[in-house]
Amino acid sequence: VSQAYRLLSFGVEASATDSQANWTVKIDSLINAGRLFEQFGMIEMRLWANYLAAHLIQLHLHDHSMVYSMTREALAALKGTRFQKIELATLQLQSLALIGLRKSGSLRPPADDTDPVQAALARAAELAGSMGYQFEQARALYASGVEYAGQSSWPQALEQFQLAVQLADSAASPELATAIRESIV
């Protein structure tokens, strides 16, 4: 267990160099920490280690496909658990990966005609709302509005923006509320 914590610590430790090789080593360290945590039945720690690895992949390597795959696996493992904070963080990360896949042209439209980006953002907003996290709910609704606006779906975008700005005002987040109002304009 101490080895798992050392690997986790190394993976999240600030780095002096910002090279792809350095981030790959840190990501590998987090993935290995997750495997060790799993061996000891520490499911929550495994999920956090894997989330952190996926987050670094998104942030530094910009491999949206890998992040989507990792978050999809994590969300499947989270079904029936009580780890709502991990689920929310994972949904937010999955939304970023799906947006990145859409922008790169790699997101395939599903057979049932639902928008996977909007579905992930809606789930994130709903979960954040149920947890009382108004700021996170506002961020998810704002991202949803931005995506609708990018597709020229103006009525849906405006609806999401209006809900988001109300929540941002309630959460006392003037920076987010201002950004949302600018998007509305």
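Per-structure values
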{"read-out": "Hull shadow area, averaged, the range 23-65 [alpha-carbon convex hull, nm²]", "value": "2.7 nm²"}
{"read-out": "Estimated [θ] at 222 nm from DSSP helical runs (n ≥ 4, -39500 (n - 2.57)) normalised by residues in the chain, nearest 500", "value": "-25500 deg cm²/dmol"}
{"read-out": "Cα gyration tensor shape of the range 1-46, rounded if a/c is under 1.5, else prolate or oblate by comparing a/b with b/c", "value": "prolate"}
{"read-out": "Rounded accessible area of Arg123 (nearest 10 Å², 1.4 Å probe)", "value": "110 Å²"}
{"read-out": "Loop sites in the range 19-70: chymotrypsin sites (Phe, Trp or Tyr not before Pro), DSSP, at most 15 other Cβ within 10 Å", "value": "Phe40"}
{"read-out": "Cα gyration tensor shape for the range 70-185, rounded if a/c is under 1.5, else prolate or oblate", "value": "oblate"}
{"read-out": "Gyration tensor verdict on the range 8-133 (Cα atoms; rounded if a/c is under 1.5, prolate if a/b is larger than b/c, oblate otherwise)", "value": "oblate"}
{"read-out": "With all protein chains modelled, accessible area of Asp112 [1.4 Å, Å²]", "value": "110 Å²"}
{"read-out": "The chain: relative contact order as a whole-number percent, Cα under 8 Å and 6+ apart", "value": "12 percent"}
{"read-out": "Carbon/sulfur fraction of accessible area - the range 1-137, other protein chains in place, 1.4 Å, %", "value": "54 percent"}
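The values are calculated or read from the model by the stated rules, or taken from the named source; none is laboratory data. Being a predicted model, the structure only gives us computed values, none of them experimental. Positions of Cβ are backbone-derived with ideal geometry, glycine not excepted, and every protein chain shown enters the neighbour counts. Heavy atoms of the whole protein, side chains included, go into the accessibility calculation; ligands, DNA and RNA do not. Shrake-Rupley method; radii C 1.70, N 1.55, O 1.52, S 1.80 Å.
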